[in-house]
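Enquirer: Okay, here's the structure, questions in a sec.
The values are calculated or read from the model by the stated rules, or taken from the named source; none is laboratory data. What you see is a predicted model; the values in this text were computed from it and never measured. A quick note on method: Cβ atoms are made from the backbone with ideal geometry, for glycine too, and the neighbour counts reach across all protein chains shown. Only protein heavy atoms, including side chains, enter the accessible area calculation; ligands, DNA and RNA are left aside. Shrake-Rupley method; radii C 1.70, N 1.55, O 1.52, S 1.80 Å.
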Amino acid sequence: MTSTPDTTISFDDVSKFYGEVLGINHVTLRIPPGLTGLVGPNGSGKSTLLNLLAGLIQPTAGEIHVLGLPPSRPNEFFRQVGYCTQYDSFSDGATGWSFLLDTLSLHGLGRREREDRAWASLDQVGLREAAKRKIAGYSKGMRQRIKLAQAICHDPQVLVLDEPLNGLDPIARTEMIDSMKEFASKGRHVLVSSHILHEVDLISDQVILMHGGSVVAEGEIRSVRGEITSHPVQVLIRSDNPHTIAAEAFRLDHVVEARILEEEGTLLVRTRDADAFFDSLQTVVLENNIEIETVTPADDETVDAVYEYLIGPEGAGS
Amino acid sequence: MSGGGARVGLLPQLLTLARQDSLRALWSRRAIPVYLLAAMPLSVLALRAVFRPWANEGGTGAPVSMIGLGVHLFMLRFVVFFGCATIFINLVRGEMLDRTLHYRLVLPMRREAVFAGKYLGGLAAALSVFLPLALGCYFLLHLPHGFDAMSSHFFSGQGPRELLGYTTAILLATTAYGAFFFTIGLFSRSPLVPVGLFLAWEAATPFLPPILKAMTVWYHLMSFNPVPLENGVLAVMADPTPTWLATVGLVGGSALLLSAAAWRSRTLEINYTLD
């Protein structure tokens, strides 16, 4: 019998305390391959989660596995995992080239393969021309990209990036995002933390929302939004008969508000079950021969909106 | 192939890491205090060689006792002690402050191997400064007496035996002090206090009872001194141990310290915001 290889990143009831200070609390996650955004305000536990994942700190309780491997087996673990810290720090005098070669030589590669992989990584992040220059002379964007090159140069299956978009100008940001997407498109893991919510919304296949050391939601952004039954979805309906729709909507248990707006023919409905509402709307429209112009979500389904619902505007705005 | 690289033996990884860390220790801005320390005896002796104050004093006898004192007081207690403190503490604590230590801890190597490689790198860096320094000082001490006296001392006199004794003492001092400071760097966020206490302990060697003397590095190093030191505050009021026993004591003590460092390395956490 052959066992199926574990392709997930898993946290099983993981907690981390720094003395009496909470880092993360009872976190349980199963992260599938793809680009996963880890989002939350400063101090929410994002870096703690990533540092635990990279084995740089040990959990107070619980277990972590990446593709079935624990961080306590570095010989195998770090052949599969590339890690890029949020800190912009390098050894004195290092060039982009020496930075990569030093890493690759410690991965046990021969000289030829080291050089091939270093060039390939530099090409991936667009730094071939600057390879032999000192990193101290690089721009912020170039330093972020050389860190990315260092994290991917040994061809890992899992890439862990702590705040990789911090301080980047729009062009560098686009290039960095493209590099991450390209990596994830090969069926690998990219785990990206950010406190800038809309960034994660734009790049992620799935999100993990953190606050106060706990995971407050996880999954695809739409499904995360759908799971938040405590906060209603707002739907705007433009039609030729908003009064009838409003009257029918009030009969539904999951509708908490139906309000006709000043704009002519526009009805705002707030419901805790959007799918059920849309089914009912279809029936009402057909039975009453109502002409619908548009049906649109009033709050766009961005992670900002989700996050604001989950932890309030203060947390989302940080 | 995905998932990075051929499986290689531990030794090549360890030596690669040692080479990288020794180069970093020698060529970073944190090495500047070590070079300043090394420049002190060299500049004093170079000035002495230029002005030749003892050039006409009896042969090489004066420098022989002088170098014995100089090696133990200045080289071992000052240059090697503080040089090792600078190099070996920075191997861990310096990288923590520079926020670069994590690059070493996300390698496909066991933590113990990573830190063993770092220690070896520090040892190589320290010895590549201290051994040439000792040779340079020895040469400069004898230089004012002329090349004839020097050649006769080196090739037909006590020169080789003295040099062997001093270089062995420096080698073992670097090994032992290095192990101590390296371990301190792993255990303590503020190494200044333990370094100060250790300095006081070493300085108190002449005044300690024999059983406690045996627990100092300096006492064991005295066994390698080819020239007996004059009595006084430096007097060792216990017979020097045989050199083989001193070697075993220093290497064994270093191994014990490094075992503690290896144990600590397994649970070492990187949290730059706390350091």
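Enquirer: What does the helix-only formula give at 222 nm for the protein assembly as shown: each DSSP H stretch with n ≥ 4 adding -39500 (n - 2.57), the total divided by the residues, and the result rounded to the nearest 500 deg cm²/dmol?
Expert: That calculation yields -16000 deg cm²/dmol at 222 nm.
Enquirer: Run through the DSSP bridge list for chain A and note the antiparallel percent, rounded to the nearest 5.
Expert: The answer is about 65 percent antiparallel.
Enquirer: Keeping all protein chains in place and using 1.4 angstrom, which order do A:181, A:186, A:140 fall into by accessible surface area, from largest down?
Expert: Values: A:181 90, A:186 115, A:140 70 Å².
Highest to lowest solvent-accessible surface, that is A:186, A:181, A:140.
Enquirer: With a cut-off of at most 16 other beta carbons within 10 Å, and DSSP calling the residue loop, which GluC sites (Glu not before Pro) in the range A:227-287 qualify? Please list them.
Expert: Here the sparse-neighbourhood loop sites are A:262, A:263, A:264.
Enquirer: If you roll a 1.4 Å probe over the protein assembly as shown with all protein chains in place, what percent of the accessible area is carbon or sulfur? All intermediate terms of the calculation are to be shown ahead of the outcome.
Expert: Working: 15610 of 26380 Å².
Of all accessible area on the protein assembly as shown, carbon and sulfur atoms account for 59 percent.
Enquirer: May I pose another question? What figure in square angstrom, to the nearest 10, would you give for the accessible area of residue A:196 with a 1.4 Å probe?
Expert: Surface accessible to solvent at residue A:196 totals approximately 50 Å².
Enquirer: Amide H to amide H, which residues 5 or more places from residue A:211 or on other chains are under 5 Å from it, using H placed in the peptide plane?
Expert: A:216
Enquirer: Work out the length of the dipole vector of chain A about its Cα centre, built from +1 on the beta-carbon of each Lys and Arg and -1 on the beta-carbon of each Asp and Glu, and round it to the nearest 20 debye.
Expert: 1980
Enquirer: Please list, in chain and number order, the residues 5+ apart from residue A:298 or on another chain whose amide H is under 5 Å from its amide H, with Hs placed from the backbone.
Expert: A:234, A:235, A:236
Enquirer: What residues of the range A:71-90 lose no less than 20 Å² of accessible area with every protein chain in place versus their chain by itself (probe 1.4 Å, heavy atoms only)?
Expert: Those residues are A:74, A:75, A:78, A:79, A:83, A:85, A:87, A:89.
Enquirer: Summing +1 for each Lys or Arg and -1 for each Asp or Glu, what net charge is found among the other residues whose Cβ lies under 15 Å from the Cβ of residue B:36?
Expert: Within the 15 Å Cβ shell, the charges total +2.
Enquirer: Taking a 1.4 Å probe, which of B:127, A:29 shows the most accessible area, and what order do the others take after it?
Expert: Solvent-accessible surface, decreasing: B:127, A:29.
Enquirer: Per residue, how many Å² of accessible area does the range A:101-140 show with a 1.4 Å probe? Spell out each step's value before the answer.
Expert: Numbers: 2100 Å² over 40 residues.
I get 52 Å² per residue for the range A:101-140.
Enquirer: Measure up A:46/A:186; A:147/B:118; A:46/A:132; A:46/B:118; A:46/A:181; A:134/A:186 against 28 Å on the Cα-Cα distance and list the ones that go over. Numbers along the way, then the final one.
Expert: On the way: A:46/A:186 25 Å; A:147/B:118 22 Å; A:46/A:132 34 Å; A:46/B:118 30 Å; A:46/A:181 20 Å; A:134/A:186 31 Å.
Listed pairs above 28 Å: A:46/A:132; A:46/B:118; A:134/A:186.
Enquirer: Using a 1.4 Å probe and ignoring any ligands, DNA or RNA, find the accessible area of residue B:263 and quote it in Å² to the nearest 10.
Expert: 150
Enquirer: If you take the accessible area of A alone, add that of B alone, and subtract the area of the pair, what total do you get in Å², probe 1.4 Å, to the nearest 100?
Expert: Adding both sides of the contact gives about 3200 Å².
Enquirer: Can you give me the angle between helix A:140-152 and the longest principal axis of chain A, using Cα atoms only, in degrees from 0 to 90, rounded to the nearest 10?
Expert: For helix A:140-152, the angle is close to 80 degrees.
Enquirer: Related question: Considering only DSSP beta bridges where both residues belong to the protein assembly as shown, give the percentage that are antiparallel (nearest 5).
Expert: Around 65 percent antiparallel, to the nearest 5.
Enquirer: Which whole-Hz couplings ³J(HN,Hα) result when phi for each residue of the range A:56-64 is put into the Karplus expression 6.51 cos²θ - 1.76 cosθ + 1.60, θ = phi - 60°, listed in order with x for Gly and Pro?
Expert: Once rounded to whole Hz, the list reads 6, 10, 9, x, 6, 8, x, 9, 10.
Enquirer: Kindly provide the pair-distance distribution of the range A:9-219 built from C-alpha pairs, with 5 Å bins from 0 and whole-percent values in order of increasing distance.
Expert: 1, 8, 16, 20, 20, 16, 11, 6, 2, 0
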